[in-house]
Amino acid sequence: MTEIALAAKQLNVHYGEKHAVHDVSLDFAEKEVTALIGPSGCGKSTFLRSLNRMNDLIPSCRVTGDIWLKEQKISGTETDVVALRKKIGMVWQRPNPFHKSIYENIAFGPRYHGIKNKKQLDELVEQSLRKAAIWEETKDRLHKSALALSGGQQQRLCIARTIAVRPDVILMDEPASALDPISTSKIEELISELKQDYSIVIVTHNMHQAARVSDKTAFFLNGHVVEYDKTETIFTNPAHQRTNDYITGRFG
């Protein structure tokens, strides 16, 4: 039986008077990639940011419903959101490396969470960069600025930075939309490798990307989930006409 890594139950998100996400319930399986697709403004990124409580940082935002990380309810006021974001990492649309060296970008999180031993940090930095498929490109320039890397390299560095604190789940908000086709291909290959160790939820506008990298796909429209199924089913035999219209390019 498939283990559930993360689950949202009857999740609603409001920005002031705007009801952005309507009563969404989704389960995300261990070591699977789930794609969230849908037209701009449909609520998929808002929903994604709710999963690790990033929407808490927006004063006008109100979230109701429950979110579970395995058996732990993480949507209550008693949840330590800093500890939570260690377990549920986030990779943003545009690479956002710190204005620090490559080494310090990776070591920052583990050091913040209590790892001070240099040998341990050195090992973590190397492991994380290897897992993010960027070690060979960075091993001789670890103490140079991360800002000198290309956009695609910066995004893989940000993935390595996320991995370094050993999360259970990685959220990705259009991680390749600002990248060229070659860098995009590398990110997609990396996602396929990372799912051996992590559960991944990815927002993407790219239908081909969703079809290539994900095991399951949820189609969002106007803040609702229209359909959620195996990716192959969504793209070859969707249950709803609106899903079919979207993936065949009739709207969106």
With Cα atoms, 0 to 90° folded angle of helix 181-194 axis to the chain main axis: 90 degrees
Could you derive backbone 3J(HN,Hα) for the range 69-79 from the dihedral phi with the Karplus parameters 6.51, -1.76 and 1.60 (θ = phi - 60°), listing whole Hz in sequence and x where the residue is Gly or Pro? 9, 6, 8, 9, 6, 10, 9, x, 5, 7, 5
Quick check: net charge around residue 134, other residues with Cβ under 10 Å of its Cβ, Lys/Arg +1 and Asp/Glu -1? +3
On the Cα set of the range 58-130, report Rg and Dmax in Å, please. 15.7, 44
Could you work out the equivalent-ellipsoid semi-axes for the chain, taking the square root of 5 times each eigenvalue of the Cα gyration tensor, largest first, in whole Å? 30, 22, 16
Extension gain, residue 3 back to residue 31 (0.36 nm per residue minus Cα-Cα distance, nm): 9.2 nm
By the gyration tensor of its Cα atoms, with a ≥ b ≥ c the square roots of the eigenvalues, what is the shape of the range 107-167: rounded for a/c under 1.5, prolate for a/b over b/c, or oblate? prolate
As straight-line cross-link partners of residue 230, the qualifying lysines (C-alpha separation under 30 Å, not fewer than 8 residues apart within one chain) are 9, 31, 44, 70, 73, 86, 87, 131, 186, 195, 216
Report the extension gain between residue 233 and residue 144 in nm, rounded to one decimal, defined as 0.36 nm multiplied by the number of residues separating them, less their alpha carbon distance. 27.4 nm
Plugging the Cβ-Cβ distance of residue 242 and residue 130 into 1/(1 + (r/R0)^6) at R0 = 35 Å yields, to the nearest 0.05, a FRET efficiency of 0.25
Cα pairs beyond 19 Å in the range 187-235, in percent, come to 24 percent
Value at 222 nm in deg cm²/dmol, rounded to 500, when DSSP H runs of n ≥ 4 in the chain each add -39,500 (n - 2.57): -10000 deg cm²/dmol
From zero up to wherever the largest Cα-Cα distance of the range 170-252 sits, split into 5 Å bins and tell me the percent of pairs in each. 3, 13, 26, 25, 18, 12, 4, 0
Given the C-alpha centroids of the range 193-252 and the range 32-104, what is the distance between them in whole angstrom? 19 Å
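None of the figures in this text is laboratory data; all of them are computed from the coordinates on show. The structure displayed is predicted, hence computed values, not measured ones. Note that each Cβ is placed from the backbone with ideal geometry, even for glycine, and that neighbours are counted across all protein chains shown.
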